[in-house]
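J.: This is the structure I want to talk about, given as structure tokens.
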Amino acid sequence: MSLIERFAALVPLAQRRLRVLLSPQQVLCVVSQGGRLVEGSARQIAVGGAGAGGHWQAAIDALRTLLQQPDIATAKLPLEISLSGRWSQLVLAPWSDALLSEPSASRFLQTQMAALYGENARGWSVVGDDAPYGHTRLVCGVDSTLLQALKDVATECGHACRVIEPLLATAMRALEASQPKRPRKGAADAVGALALIEPGRITMAALRDGRIVAIQSQPASEAWRLELPQAWQRWTLRAPELATIEQIAVTDLSALPPAHAPAPATALHLVPGALPSRFHLNANPFGERATASAAPPQAPSSTAKPEVAA
């Protein structure tokens with residue numbers, strides 16, 4: 001399930017697709033097929049200019065450059081795009097009868113997002129998950145112009161866009177795929193929480209029945225392996241019901257491309273053993289990355305925008 005947009009023309013699971021991460025520091029991609037990553041297909045390209053400062057235009061330009069790599073351009077694989085937490089804002093909204101029908105549901109979710117992120121959020125594309133009646137709803141907001149820019153660059157480069165979703169949703173799907181199948185009814189989840197590590201940020205999510213039931217985010221440094229246990233402990237003090245969670249899966253996407261990596265003299269090197277036993281490193285949903293050579297960006301084409309169904 002995509003919290004942002006899932007397009008009508010879904011591709012079969014067995015068909016290859018290109019999984020892409022858009023973030024302020026880098027754009028990553030890897031080919032997946034049947035839920036597995038294709039060995040040797042991972043690419044990484046550093047984002048220059050204003051991207052590292054937080055605006056998404058430089059990342060869009062880097063995505064165009066990546067999609068113009070000869071082998072990627074030839075394959076024309078459908079895209080599954082994940083957005084960094086910097087550009088996909090999440091909030092848990094309480095249940096309301098306004099969610100039972102449109103347009104009251106959209107207005108309610110927009111108001112919940114604006115209450116946390118300010119009036120600018122009223123111009124975002126806001127989508128909630130399909131939580132059952134009476135349950136809190138996970139809501140995601142993304143700048144509408146960013147979503148349109150993603151669709152435009154995909155069309156320009158000849159790719160169908162299958163999914164646009166927050167990175168946390170991608171990490172959750174990768175976690176679920178790595179877990180052994182078990183009966184849903186009456187079975188406790190093997191992993192009760194997920195910690196997503198991005199450059200400069202830790203996002204923690206408590207999970208129940210495959211859904212996010214609590215979420216917490218905070219700044220982080222390169223020493224996140226030391227900061228994560230402390231952040232989890234502070235969160236459980238504020239929310240004691242989370243203290244019973246015994247296992248936290250950790251998805252580490254904090255590695256930076258050479259253009260943004262700290263100088264060797266100031267970099268902090270920590271071994272996996274620095275994490276307490278309840279934290280378990282999960283597989284990277286974008287595989288082992290290789291740096292793609294940056295071809296000069298080409299001028300945008302005049303290709304017409306496709307019609308898509310959210």
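J.: Within the stretch 122-174, which residues are buried (at least 19 other Cβ atoms within 10 Å of the Cβ) and without any contact (Cβ under 8 Å) to a residue 24 or more places away in the chain?
T.: Within the stretch 122-174, just Val126 meets the criteria.
J.: Return yes or no: is Leu116 buried (at least 20 other Cβ atoms within 10 Å of the Cβ), in a helix (DSSP H, G or I) and out of contact with any Leu (no Cβ under 7 Å at 6 or more places or on another chain)? Steps first, answer last, please.
T.: On the way: buried (at least 20 other Cβ atoms within 10 Å of the Cβ): no; in a helix (DSSP H, G or I): yes; out of contact with any Leu (no Cβ under 7 Å at 6 or more places or on another chain): yes.
The answer is no for Leu116.
J.: I need the full set of residues from the stretch 199-234 which are within 27 Å of Ala177 (Cα to Cα) and assigned to a helix (DSSP H, G or I), in order please.
T.: Trp224, Arg225, Leu228, Pro229, Ala231, Trp232
J.: Inspect all residues belonging to the stretch 286-308 and state whether any of them is farther than 23 Å from Gln44 by Cα, at pLDDT 90 or above, part of a loop (DSSP other than H, G, I, E, B) and under 23 Å from the mean Cα position of the chain (by Cα). Steps first, answer last, please.
T.: First pass over the stretch 286-308, keeping only residues farther than 23 Å from Gln44 by Cα: 301-308.
Narrowing the set further to residues that are at pLDDT 90 or above leaves none.
No.
J.: On the given criteria, is Leu196 aliphatic (A, V, I, L, M), at pLDDT 95 or above and either assigned to a strand (DSSP E or B) or under 27 Å from Leu22 (Cβ atoms) (or both)?
T.: Criteria met by Leu196.
J.: Further question: Quick check: is even one residue across the stretch 182-192 surrounded by 21 or more Cβ atoms within 10 Å (Cβ to Cβ) and at pLDDT 90 or above?
T.: Step one: of the stretch 182-192, the residues surrounded by 21 or more Cβ atoms within 10 Å (Cβ to Cβ) are none.
No; the residues of the stretch 182-192 include none that is surrounded by 21 or more Cβ atoms within 10 Å (Cβ to Cβ) and at pLDDT 90 or above.
J.: Name the one entry in Gln57, Gln89 that is among the polar types (S, T, N, Q) and surrounded by 15 or more Cβ atoms within 10 Å (Cβ to Cβ). Talk me through it step by step, then tell me what you get.
T.: Values: Gln57 fails: surrounded by 15 or more Cβ atoms within 10 Å (Cβ to Cβ).
After applying the criteria, what remains is Gln89.
The values are calculated or read from the model by the stated rules, or taken from the named source; none is laboratory data. Everything numeric here is computed off the predicted structure, so don't read it as measured data. Using ideal geometry, Cβ is built from the backbone for each residue, glycine included, and neighbour counts are taken over all protein chains shown.
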